[in-house]
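Below you'll find the structure, written out as structure tokens, and then a few comments.
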Amino acid sequence: MSRTLASLAAVFALVLTAQAAQASLRLCNRTSYVLYAATAVTEMTVTTVKGWTRIEPGACGIAIRGDLAATAYYVYARGSSAYADGAHAWAGNTDFCVKDADFSLRLAFLSAACPSADSYQLPFAELDTHHMRSWTTTFREAPDLDSMKSAQRIGLKRLLRAIGARIPTLDASSDKAADTAIAAFRKRLRLSDKAGISGLFNALETEAMRTATPAGYTVCNDTSKSFWAALGENKNGRWQARGWWTVAAGGCAKMIAEPLAGRKIYLYVERSKGKALVSGPAKFCVTNIEFEIQGRERCAARGLTEDGFAETNAGGASGFVAHVSEDGFGTPK
């Protein structure tokens, strides 16, 4: 039994099969991308949405443990932001709210609004588990890879390409270029063979994420302490501002998920006690708590405060990563 879903970049298949082992929802990755999956479970009129389960190419992971006895189950998966070749998502037709960092949200079913400024909706696919205690969902890509082992091998090559290695072909065959690149990468990072294939995937993905520019707008914290970020933009002819995203030291937060398509984005970043790290001449209304404010005029008259945001120019690209250092906008470490 199978079901085909439309991806944001291409057409992928989500294959559903019964699983007789310990009761759970098991997710398997037969693609060449590191995937991050979120699940939604509806019981009566409440839906619990959780993410993210990381699944390496050629591997499986448990997203939900225990008997699958709820009213309905949904899943959404997307490729790691380590890939700069476009958005890759395994999706459906039912929208639920998510966050970029690991999260758990309890929502009224089919709620039209997300609970906070750092949450947004993504289209989940409903799973028909046939009321079985366990179920396995396998993500595939098109054209379909012939095995989990092939997914693993091609997945390594794809990440090697992402960090700049010259890999002539993305196929499952063993070749000298890939083997040499893996050996050189292990040596440079002093990565022991004991780390295994999972350790290699993790290190390659981390390295690729340092330089990749995924679709959307991402803010990375290159300082030693956490900070708060807000953005402003003119969307569909209306000015608006949203905040606050908390970005941990050394971490990143995706503030816009969809491609920018030439949009101008304005950014304000501050530490505690109002010390601004990034600011500029573009005035937007803000508050001291999470907010989404329409319009940028008459801030004080509306009981709001005003901050100056800096324009960030993505140069027409679909994605932009703003690296913020102690001196403001910086470059990746």
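Bear in mind these aren't lab numbers, they're just calculated from the coordinates by the rules spelled out. Predicted, not measured: the structure shown is a model, and the values here were computed from it. Every residue, glycine as well, gets a Cβ built from its backbone with ideal geometry; the counts of neighbours run over all protein chains shown.
Legend: distances between Cα atoms for 50/157; 99/275; 50/99; pairs beyond 21 Å are 50/157; 99/275. Full extension of the segment from residue 302 to residue 283, taken as 0.36 nm per residue of separation minus the current Cα-Cα distance, would add 5.4 nm. Shape annotation for the chain: C-alpha extents along the principal axes are 62, 53, 33 Å, from largest to smallest. Here the residues 80, 279, 104, ranked from fewest to most Cβ neighbours within 10 Å of their Cβ, fall in the order 104, 279, 80. Could you tell me what percent of the DSSP beta bridges with both partners in the chain are antiparallel, to the nearest 5? So the antiparallel bridges in the chain amount to around 90 percent.
Counting every other Cβ atom within 10 Å of each residue's Cβ, 154, 197, 256 order from fewest to most as 197, 256, 154. Each residue, residue 180 and residue 198, gets one label point 7 Å from its Cα in the Cβ direction; the gap between the two is 3.2 nm. Site pair residue 116 and residue 130 shows an inter-label distance of 4.0 nm when each label is modelled 7 Å from Cα along Cα→Cβ.
A straight Cα-to-Cα reach below 20 Å connects residue 194 with the aspartates and glutamates 56, 179, 205, 207, residues fewer than 8 places away in its own chain not being considered. Taking 0.36 nm per residue of sequence separation and removing the Cα-Cα distance, the residue 43/residue 271 pair yields an extension gain of 78.1 nm.
Within the listed set 72, 162, 82, the Gaussian network model of the chain (springs between alpha-carbon atoms below 10 Å) gives the highest mean-square fluctuation for 72. When both segment 167-224 and segment 234-304 are represented by their alpha-carbon centers, they are found 33 Å apart.
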